[in-house]
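Trainee: Right, I'll just put the structure down here and ask away after.
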Amino acid sequence: MRVVIAEDLFLLRDGLTRMLQAHGLETVAAVDNGKDLLAAVTEHKPDVAVVDVRLPPTFTDEGLRAALAARREQPALPVLVLSQYVEQLYARELLADGSGGIGYLLKDRVFHSAQFVDAVRRVAAGGTAMDPEVIARLLDRNSGDRALASISPREREVLSLMAEGRSNVAIAQRLVITERAVAKHTASIFLRLDLQPSDDDNRRVLAVLAYLGR
């Protein structure tokens, strides 16, 4: 798996490169600004980009804007955002483009390398890896959507855990319900969001994107 990293701090950039290498992932480029991220994506066409939100020169939201530009350059490029902050506007825009392969992790809530590498792999495979705190910050925007408003409280819990990238088995364990009950809730979610039968993994991603980004 080929990865591009955009992180302005040298020690963190180098640490991410070494961590990924230790788990068998190849870092094809490690850059410190949005312009170089775009160049690296164009040149290497990676399987996934790991992007910090705040990059030079203003250290506000250049990373997210560069990620959006990178996905225009390479449609559906999987992007894992890694930040200390939740930048709601551009995070929603990143989610709302309708493509899978999206993650948003908070740096101070990544506790071990296996957790991070699992998120990278999941996003690269077209899935989602959303920190619960990020999910909480993005939910209010969706309150007026009729389809989303029809989702029951339990279905919202299931969707929230799906956004974290959890399987039906993991969701069942977390909510202390049966796996069959989780499957019933996900089927109801797909129906309410008018997601036509297709690969279930794809529908899960689309449901999460609808939930968080629109």
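Trainee: Which order do Arg203, Arg137 take by accessible area at a 1.4 Å probe, largest first?
Mentor: From most accessible down to least: Arg137, Arg203.
Trainee: Another question, then. How about Lys184: which lysines have a C-alpha closer than 26 Å to its C-alpha, ignoring those fewer than 8 places off in the same chain?
Mentor: none
Trainee: If you don't mind, there's one more thing I want to ask. From Cα pairs below 8 angstrom and at least 6 apart in sequence, can you work out the relative contact order of region 27-108, rounded to a whole percent?
Mentor: Details: 124 pairs, mean separation 23.0, N = 82.
After rounding, I find 28 percent.
Trainee: May I ask you to give the solvent-accessible area per residue for region 1-46, in square angstrom, as obtained with a 1.4 angstrom probe?
Mentor: Here the residues of region 1-46 average 53 Å² of exposed surface.
Trainee: To continue, here is another question. Leaving out ligands, DNA and RNA but keeping every protein chain, what accessible area does Glu93 have, in Å² rounded to the nearest 10, with a 1.4 Å probe?
Mentor: Near enough 90 Å² of accessible area.
Trainee: Around Thr27, which amide H atoms from residues at least 5 apart in sequence, or from another chain, sit under 5 Å from its own amide H, with H modelled in the peptide plane?
Mentor: Those qualifying (amide H under 5 Å, at least 5 residues apart or on another chain) are Val3.
Trainee: Now for a different question. Work out from phi, with θ = phi - 60° and the Karplus expression 6.51 cos²θ - 1.76 cosθ + 1.60, the ³J(HN,Hα) of each residue of region 72-88, listed in order in whole Hz, and give x for Gly and Pro.
Mentor: Once θ is set to phi - 60°, the couplings for region 72-88 become 6, 6, 10, x, 6, 4, x, 10, 10, 7, 10, 8, 8, 10, 10, 8, 5 Hz.
Trainee: Using 0.36 nm per residue of separation minus the Cα-Cα distance, give me the extension gain between Ala136 and Asp194 in nm, one decimal.
Mentor: On the way: separation 58, 0.36 × 58 = 20.88 nm, distance 2.37 nm.
Extra length from Ala136 to Asp194 when fully extended: 18.5 nm.
Trainee: Which of Gly101, Gly34, Gly24 moves the most in a Gaussian network model of the chain with Cα springs under 10 Å?
Mentor: Gly24
Trainee: Based on DSSP loop calls and a cut-off of at most 13 other Cβ atoms within 10 Å, the longest stretch of the chain free of exposed chymotrypsin sites (Phe, Trp or Tyr not before Pro) is what?
Mentor: 112-214
Trainee: Okay, next question. Ordering Lys107, Lys35 by accessible area with a probe of 1.4 Å, largest first, what comes out?
Mentor: Numbers: Lys107 50, Lys35 165 Å².
Ranking Lys107, Lys35 by accessible area, largest first, yields Lys35, Lys107.
Trainee: Quick check: from the Cα gyration tensor, does region 1-71 come out rounded (a/c under 1.5), prolate or oblate? Mind showing how you got there, number by number?
Mentor: Working: a/c = 2.30, a/b = 1.32, b/c = 1.74.
Oblate.
Trainee: Using only the alpha-carbon atoms, how far is helix 10-22 inclined from the longest principal axis of the chain? Give it as 0 to 90 degrees, nearest 10.
Mentor: Helix 10-22 sits at roughly 60 degrees to that axis.
Trainee: Once amide H atoms are placed 1.01 Å from N in the peptide plane, what residues at a sequence separation of 5 or more from Ala129, or on another chain, have their amide H within under 5 Å of its amide H?
Mentor: When sequence neighbours closer than 5 places are left aside, the close amide H contacts are Ile102, Gly103, Tyr104.
Trainee: Here is a follow-up. Could you work out which residue, out of Arg166, Arg180, Arg156, moves most in a Gaussian network model of the chain, that is, has the largest mean-square fluctuation with Cα springs under 10 Å?
Mentor: Fluctuation is largest for Arg180.
Trainee: Related question: With label points built 7 Å along Cα→Cβ from the Cα atoms of Leu9 and Arg154, find their separation and express it in nm.
Mentor: In this crude label model, Leu9 to Arg154 measures out at 4.3 nm.
Trainee: Springs between alpha-carbon pairs under 10 angstrom, Gaussian network model over the chain: which of Ala170, Ala70, Ala124 fluctuates most?
Mentor: Ala170
Trainee: On to the next question. Between helix 34-44 and the chain, what is the angle of the helix's C-alpha long axis to the longest principal axis, kept within 0 to 90° and rounded to the nearest 10?
Mentor: It is inclined by approximately 80 degrees.
Trainee: For Leu106 and Met19 in one chain, what is 0.36 nm times their gap in residues minus the Cα-Cα distance, to one decimal in nm?
Mentor: In short, 29.6 nm is gained.
Trainee: If you don't mind, another one. Mind putting a number on the dipole of the chain about its Cα centre? Charges go on the C-beta only, +1 for Lys and Arg and -1 for Asp and Glu, and I need it in Debye to the nearest 20.
Mentor: The dipole of the chain has a size of about 620 debye.
Trainee: Carbon and sulfur together cover what percent of the accessible area of the chain at a 1.4 Å probe radius? Write down the numbers at each step before the final one.
Mentor: On the way: 5230 of 10320 Å².
With neighbouring chains kept in place, the figure for the chain is 51 percent.
Trainee: Cross-link candidates for Lys107: which lysines have Cα within less than 28 Å, leaving aside residues fewer than 8 places away along the same chain?
Mentor: Within the straight-line limit of under 28 Å, Lys107 reaches these lysines: Lys35, Lys45.
The values are calculated or read from the model by the stated rules, or taken from the named source; none is laboratory data. None of the values given here were measured: they were computed from a predicted structure. A quick note on method: Cβ atoms are made from the backbone with ideal geometry, for glycine too, and the neighbour counts reach across all protein chains shown. These area figures cover heavy atoms from the full protein model, side chains too; ligands, DNA and RNA do not enter into them. Shrake-Rupley method; radii C 1.70, N 1.55, O 1.52, S 1.80 Å.
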